[in-house]
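Here is the structure we will look at.
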Amino acid sequence: MRVVVAGASVAGVAACAALRGAGYDGGVVLLGDESHVPYDRPPLSKQLLCGTLNVDDIVLPAAPRLGELDVDWRAGIGARGLDLASRTLSLDDGTRLGFDGLIIATGSRARRLPDQPVAEGLFVLRTLDDALALRAAVSRAAHVVVVGAGFIGLEVASSARSLGVRATVLETAGAPMTRALGPELGGWFSELHADHDVDIRCGVTVRRVRVEDGRVTGVEISHAGGDARPLDADVVVVGVGAAPCTAWLRDSGLGIDDGVVCDATLKAASGVYAAGDVARWHHPGYGSIRVEHWTTAGYHGRTAASNLAAELDGRRGERLEADEIPYFWSDQHETKIQMAGWVPGYDQVEVLPAPKGRAVLFGRRGRLVGVMAWNQPALVARQRRAMASPTSFEAAVAAAGDGR
């Protein structure tokens, strides 16, 4: 009996440990594109970039246990094709690997600009190598330009300012975080970063990244009024989102729709599960969703492993639904921003009195579906528990107003 886990980040490593915890005693092979010991990704745009943490500090806690868990970790070897009929994977090194069970945890990749060139000083941020190279470049830079005012872009800008480097953020929408939160709440982020001398320019399109002699020198931009003066830059970071790593599954026969399509138990096919950023699953409370959160990846890895172990052992009926309420955090300047729930398509919003920061509840069709708060972990924890109930939006607002 052999289980292959494709992807050696949070979801994959959690799955390996959970397989053993569930009593599975067959072979486990862990495949990973990178040669590094499996590591945590959230610090890449924050503590690692700022230099307050180093590589050894971000190793996943379970990674040193892979040997004692009898996991065959194949560093630097990823999966490049799946044949469901023969239950085999084709690998980077040209070999094929059979499996009885498969957990797909290949994560996501950073999106790039159309026709993005390759140049010194031009970065995306997804891997440890990306972060180390960016850290070295920022340490020598006078001006960092970030394309995209999502969480990654704003974290990079915050980190650059903490190092005393001038930072400019360019965003096509009318405010930061508009796609996730709407323009009104996006204004909160504009104010936060303006207070720390980050220059955020919204309604701006990057026409071209300027490169001279193989090195970035700046960006050419335009806005509704026409072309604007080019921005000089030592470093340009493209933070325009991520896409699930599913290209290798194109001809596999699995359902692919902005992720590997799974049921509520994370099952994609007989003996095949997906976990983390790559999984689009049916959440019992939110419907079909795909979530790019660290906490979801670990939870998915454990849930998928438990369900796969039960399936391989013939234990019918022992299936866990992936119903945990998504949770995410972001450190920007001195502010810890926390979100719980799933808010796309919200139709109700209530800004709460928050003397220590800012807080807002989100509703959809009369039900509480999300919370975002700054520097208020207890509030976020309470509302996350309420979402699991579920709770009406009106009741949640009333309880929050009473301090409950």
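Details
- Just one of the listed residues (T217, T205) is hydroxyl-bearing (S, T, Y) and open to solvent by 50 Å² or more (accessible area, probe 1.4 Å), and it is T205.
- Listed here are the strands (runs of 3 or more DSSP E) enclosed by the stretch 42-108 that have at least 2 residues being open to solvent by 30 Å² or more (accessible area, probe 1.4 Å) and at pLDDT 95 or above: 71-75, 79-83.
- Complete set of residues in the stretch 1-28 that are surrounded by fewer than 20 Cβ atoms within 10 Å (Cβ to Cβ) and either farther than 14 Å from N307 by Cα or among the charged types (D, E, K, R) (or both): M1, R2, R20, D25, G26, G27
- Of residues in the stretch 272-297 being of a type in the set (A, V, I, L, M) and either in a helix (DSSP H, G or I) or over 17 Å from the mean Cα position of the chain (by Cα) (or both), the one nearest to W248 (Cα to Cα): V278
- Residue match in the stretch 342-349 (condition: surrounded by 15 or more Cβ atoms within 10 Å (Cβ to Cβ) and among the charged types (D, E, K, R)): no
- Cβ-Cβ distances below 6 Å connect the following pairs, each with a first residue in the stretch 300-323 that is at pLDDT below 95, a second residue that is open to solvent by less than 50 Å² (accessible area, probe 1.4 Å), and a separation of six or more residues or different chains: E318/A310; R319/T265; R319/N307.
- Residues satisfying the stated conditions in the stretch 109-146, i.e. closer than 18 Å to P43 by Cβ and either open to solvent by 70 Å² or more (accessible area, probe 1.4 Å) or not hydrophobic (A, V, I, L, M, F, W, C) (or both): R126, T127, D129, D130, R135, S139
- Annotation note: Cβ proximity below 9 Å between a residue of the stretch 63-83 that is touching a residue at least 24 places away in the same chain (Cβ under 8 Å) and of a type in the set (D, E, K, R) and a residue that is surrounded by 19 or more Cβ atoms within 10 Å (Cβ to Cβ) and assigned to a loop (DSSP other than H, G, I, E, B) (sequence gap 6+ or interchain) occurs for D72/L66; R74/A8; D83/S252.
- Counted residues, the stretch 364-386 - those being assigned to a loop (DSSP other than H, G, I, E, B) and among the charged types (D, E, K, R): 1
- A count restricted to the stretch 220-249 and to residues that are surrounded by fewer than 19 Cβ atoms within 10 Å (Cβ to Cβ) and either modelled with pLDDT of 95 or more or not hydrophobic (A, V, I, L, M, F, W, C) (or both) stands at 14.
- Count of residues meeting criterion [in contact with a Pro (Cβ under 9 Å, 6 or more places away or on another chain) and among the polar types (S, T, N, Q)] in the stretch 238-283: 0
- Taken together, H282, H300 contain a single residue that is under 22 Å from G363 (Cβ atoms) and either open to solvent by 70 Å² or more (accessible area, probe 1.4 Å) or of a type outside the set (F, W, Y) (or both), which is H282.
- If you go through the stretch 1-56 and pick out every residue that is within 19 Å of the chain's Cα centre (by Cα) and among the basic types (K, R), you end up with 2.
- In the stretch 353-373, the residues that are touching a Gly at 6+ places or on another chain (Cβ under 8 Å) and open to solvent by 20 Å² or more (accessible area, probe 1.4 Å): P353, R364
- Those residues of the stretch 250-279 which are of a type in the set (A, V, I, L, M) and open to solvent by 10 Å² or more (accessible area, probe 1.4 Å), in sequence order: L254, I256, V261, A264, A268, A269
- Qualifying residue in the stretch 388-395 (condition: surrounded by 17 or more Cβ atoms within 10 Å (Cβ to Cβ), modelled with pLDDT of 95 or more, touching a helix residue (DSSP H, G or I) at 6+ places or on another chain (Cβ under 6 Å) and not basic (K, R)): no
- Candidate set from the stretch 152-189 (those that are of a type outside the set (D, E, K, R) and open to solvent by 40 Å² or more (accessible area, probe 1.4 Å)); member that is nearest to H333 (Cα to Cα): S162
- Of the listed requirements (1) part of a loop (DSSP other than H, G, I, E, B); (2) out of contact with any strand residue (DSSP E or B) (no Cβ under 8 Å at 6 or more places or on another chain), S252 misses just one: (2).
The values are calculated or read from the model by the stated rules, or taken from the named source; none is laboratory data. For clarity, every value in this text was computed on a predicted model and none was experimentally measured. Every residue, glycine among them, receives a Cβ derived from its backbone with ideal geometry; neighbour counts consider all protein chains shown. Ligands, DNA and RNA are excluded from the accessible area calculation, which covers all protein heavy atoms including side chains. Shrake-Rupley method; radii C 1.70, N 1.55, O 1.52, S 1.80 Å.
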